[in-house]
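Rule-based calculations on the coordinates, nothing more; no lab input. This is a predicted model, so every value here is computed, not measured. Every residue, glycine as well, gets a Cβ built from its backbone with ideal geometry; the counts of neighbours run over all protein chains shown.
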C-alpha cells in the first residue's frame, strides 16, 4: 500500500467540501433565522447563499488548474486539468440553475431545495473527478437521488409526484443494471480502477460481454437514450423548471464525461466495430444502435409535442444520440468533439430552460400557446431564446452548429478511407434537418403568432444578465471555438 | 480592397436597427437604406478596382481580400476573395438590397424586425458569394436560411407559414446533402484544409467524386430551383412579402447556382464530366416545365414564381455546357435574371397586389390606365424576361443557347421552346393585367395562349379601368427602385461587355483548370 497524503485529498476535494458546508449552512439558516420570513425572502436569501457558495467553490478549482496531475486513493480522486475544467462547468451550470430558481416558486421547503441541489452538485463533482467504478456508482447515486427528490418538489401537483416516482423507478432499475454490470467487470478484472481494467485483456470473455452490456444499459438510462428514455419527458415536464434544467444539463455533462472515461479508458479494445459493412459486436455497435434510435425517435417524437419542456426533453434525447456518434469515433478528435459538444449543449439548454422558467410563471404555463407573441411581450428574453433554440437546431454561427459540425467531422474522419461511420453521420445530419422543424415551431409561436394578452413581461435584472451571458457564451463558442477546442484537444490526447 | 465590408456593414446595420426604438419607423428605414447603399457602393467600387487590376496575364483571377486561419484544428480559414464570377453577384445583391428596401418602404408592421432580418440575410448572401473556404461558405449559406423563414412567415401573405416552412426545410435538406459532401471532400482529399482553391488543385479520387458530386450539386441546386426540387420556389415566392420575393428570386436562387459552380463543379471535375449530361437534361426539363406551368397559372405571382424556375434552368444548363460561351451566359443570366425577377416581383407584389389586394389574373385588368408606370415597368421587365434583344435577358440567354447547341442541338432546340412559351405567358400577363377591360370568367386552356381573348369587347368601355380601380398612385421610392433596375437591364442589354469582360476570363481560367 502506498501512503496517502490526506492533505492532497482534502485539497482535491476542496470544492466539494465548500459545497457541503454551504448546503448545511443553507439548511440551518432557513430553519433558524428565516423561519418566519416570507417565502420570497427565504428563496432569495438562501438562493443567494447557494450562489455565493458555488462561486467560492470555483476559487480552489481555478487554483488547481494547471497543477501537476494527481491520482489519489487508487483512482478514486483524479485531479487533472480536464477534470478541473469539467468541475468548473458543473459548478457554473449549478450556479445558473440556482439563479433561475431564485425567481421560481420552489414551494415551502426552500432550504431543503437549495441544499439538495448543492448535494447533487457534489455528486456530479465526484463523478467527474473519479476513475474508479465504486466511486462512479456512489457518485451517480448521490446525484440521482438528489434529482429524484428535486423532481418531486411541486408537492401539491400530482404530475410532479408521478414524474418523480417514474424517474425514481427507472433510475433505481438502471442503477441495479449498472451495479450488476460493474460487479461482472470487477469479477473478471479483479480491480475497480479503470486504467487497471484496461490492462486486463478481457474481450474474449462472455462474462465481460454481459458486464459491458449491463453497464451500457445502466448509463443509457442515465443519459436518456432510446430505448431507455421513457422517464425523461415525464420527469422534465413534472419537475420544477429549474430542476429540469439541472437534470438536462449538469447531470448530463457529468454522466457523459464519466461515460466517455469508462468507455475510452476502461473499455478500449472492446469497442468492436460500427463501420458500415464490417460490423463487429462491442460497445461501439451498442452505441450505434441506441444512438440511431435516439436520433430518430427523439426528433420525430419532439415534432408532436405541445409542452415546451417535453419538446426539449425529446430534443435532449436526440442530442444524446448525436453525442454517441462522437463516442463511437473513439479518437482524440472524437473525444474532443464529445467534450466540446457536451459543454455547448449544456450551456445552450440551460439558457433555454432559464428563459422558459422566467417566462412560464408569468405567461401562465409551459405550452407552446402560452408563448404566443412572446417577442412583443418580452423582446429581450425572446431574442435570447431565439439564440438558444437556433443553437440547439445547429444553425451557424452559434455554438450548436460548430459543435455538431466538429462531431460529425470527427466521426467521418475516423475511417477516412472507406467512410465507415458515414452512415451514422448521414442519419445525424438528416435528423437535424428534421429537428429544425420543431425548433422553428417554438420560434413561430414566439415571433409570429399574435399574443392573446399583449401585456409586457418584466423579468429580474440578474436573470437577464445571467441568461445574456449564457447566450453570449453560445455565440462566442460558435464564432471562436478555437481556444476551448484546442484546450480540450490537448487534454483529450492525454486522457 | 475592402469589399468584405459589405458583410460587416450589413450586420452592423442590422444591429443598429435592433437598437433603435421601434416607434421611429422612418429612421429605421433610412438606416436600412443607408446600409444597403453603402454595401452597393462598396460593391461598385470593387467592380472598378477589380477591372483595373485584372490583366490578361493575371494568374488565376482571384483577388484575395482576407485569408487568416479561423479554426486551425479544423483547417477552416476566414478566406474571402473576389473574381469575375462572384463580383457580378455581389453587385447584384447590392442592387436588390437597395431596391428591396425601397419597395418595402410601406411596411408598417414591425419594420424594425423586418429590416434587421432583411439585412442579416443580405450579409449572409454577401458572405456566401465571397467565401473561398468551404466551411465558411457553408456557415454563411446556413446563416442566410433562417431570416427567410421569419421574413416570409411574419410579413408574407398567401399560406405564409406553410410557404416559409417549406422553403426552410427544402433549403436545410439541400444543405444536409452539401454538409455530407463537405465532410467527404475534406477527408478524401487529405489536405487538412477547407480552402476551396487548395482543394480544387488536388481533386479527390474519381470513384469518390462520382457519388459526391451529385450530392454537392443537387444540394445547392435545390436552392437554385432545379427541377424536380423546385416546388419550394413558387410557394415561397408567392408567400413572401415583396422585398423577400425579390431577394429570393433575385439573389437567393443564385446562391444555389453559385454553390453548384463553386463547391460542386470546381471541386469535382471528374464527377462533373460524368454527370453533366443528366444535369443538362434536368435543367432543360426545368426550363420547359417552369415556362409551361407559368403559362397556365391564374395567380399573377405564381406565374412569375414559375418563370423563375424556368429562367434558373438556363443558368444550370449554361453551367454544365462547359464552354466559354455557355458558362459566361449562365453567369450573366444569374445577374440578369436577378434584376428581372426583382423587377417583376416588385410590380406584382408591391405596385399591384398592395393596391388591388388581388393577384388573380382574371380579376385584374385595365391597370394600364390607372398605373401606367407599373405597366411600363412590367413591359420592360417582361421584354427582358422573354429575351428581347436590347435587354440583358437576350444577351445572357442567347449565349446559353449557343453553348448548349455546342453540347447538343436538341438542348438548344428545347431551350428555344422554353423561350417561346415565355413570350406567350408574358404577353398573356401583360394583356390580362394591364389591358383587358372586362372580367375574364373563363379559365385559359392549358397550352393555348389566350392573349387576344376578349378582343373587341373592351373597346366600348374606355374608362372602365379607372372606375374599377381606385388605387393610390405609384410612390417615389417605388419609381426610384424600378428605374434603377430597368436602367440596369438596358445598360447590360446594350453594353454587355461591362460584365462579360470580367466573366469570360474567369470562365476561361476555370475551363483551363478542368483539362
> In the range A:420-440, which residue that is more than 9 Å from chain B (Cβ to nearest Cβ) and part of a helix (DSSP H, G or I) is farthest from residue B:113 (Cα to Cα)?
Replying inline: A:423
> Going through the range A:62-74 one residue at a time, which ones are surrounded by fewer than 20 Cβ atoms within 10 Å (Cβ to Cβ) and part of a helix (DSSP H, G or I)?
Replying inline: A:62, A:63, A:73, A:74
>> Condition first: over 26 Å from residue A:310 (Cβ atoms) and either surrounded by fewer than 24 Cβ atoms within 10 Å (Cβ to Cβ) or touching a strand residue (DSSP E or B) at 6+ places or on another chain (Cβ under 9 Å) (or both). Can you find one or more residues in the range A:152-162 that meet it?
In response: no
> residue A:83: in a helix (DSSP H, G or I) and either touching a helix residue (DSSP H, G or I) at 6+ places or on another chain (Cβ under 6 Å) or crowded, with 24+ Cβ neighbours inside 10 Å (or both), yes or no?
Replying inline: yes
> So which residues in the range A:29-51 are more than 22 Å from the chain's Cα centre (by Cα), touching a residue at least 12 places away in the same chain (Cβ under 8 Å) and either under 30 Å from residue A:196 (Cα atoms) or part of a helix (DSSP H, G or I) (or both), if there are any at all?
Replying inline: A:29, A:30, A:31, A:39, A:42, A:43, A:44, A:45, A:46, A:48, A:49
> When you go through (1) crowded, with 22+ Cβ neighbours inside 10 Å; (2) without any contact (Cβ under 8 Å) to a residue 12 or more places away in the chain one by one for residue B:278, which number turns out not to apply?
Replying inline: (1)
>> Residues that are facing another protein chain (nearest Cβ under 9 Å) and either in contact (Cβ under 8 Å) with a residue 40 or more places away in the chain or crowded, with 24+ Cβ neighbours inside 10 Å (or both): list the helices (runs of 4 or more DSSP H) wholly contained in the range B:100-213 that include at least 1 such residues.
In response: B:111-130, B:134-143, B:145-155, B:160-189
>> Just to check your reading of the model, which residue among B:403, B:382, B:414 is without any contact (Cβ under 8 Å) to a residue 60 or more places away in the chain and in a helix (DSSP H, G or I)?
In response: B:382
> How about the range A:157-186: which of its residues are farther than 28 Å from residue A:133 by Cβ and assigned to a helix (DSSP H, G or I)?
Replying inline: A:158, A:159, A:160, A:161, A:162, A:163, A:165
>> Within the range A:462-471, does at least one residue satisfy the condition of being surrounded by fewer than 20 Cβ atoms within 10 Å (Cβ to Cβ) and either outside any helix (DSSP H, G or I) or at the interface with chain B (Cβ under 9 Å from one of its Cβ atoms) (or both)?
In response: no
>> Which residue is surrounded by the fewest Cβ atoms within 10 Å (Cβ to Cβ), if the candidates are limited to the range A:446-461 and must be within 11 Å of chain B (Cβ to nearest Cβ) and outside any loop (DSSP other than H, G, I, E, B)?
In response: A:447
> Of all residues in the range A:369-392, which are within 14 Å of another protein chain (Cβ to nearest Cβ) and more than 20 Å from residue B:112 (Cβ to Cβ)?
Replying inline: A:388, A:389, A:391, A:392
> Do any residues in the range A:407-419 that are at the interface with another protein chain (Cβ under 7 Å from one of its Cβ atoms) have Cβ atoms under 9 Å from those of residues that are crowded, with 24+ Cβ neighbours inside 10 Å and assigned to a loop (DSSP other than H, G, I, E, B), where the two are at least six apart or on different chains, and which pairs are they?
Replying inline: A:412/A:421; A:413/A:421
>> Checking the condition touching a residue at least 12 places away in the same chain (Cβ under 8 Å) and closer than 17 Å to residue B:140 by Cβ, which residue from B:233, B:224, B:283 passes?
In response: B:224
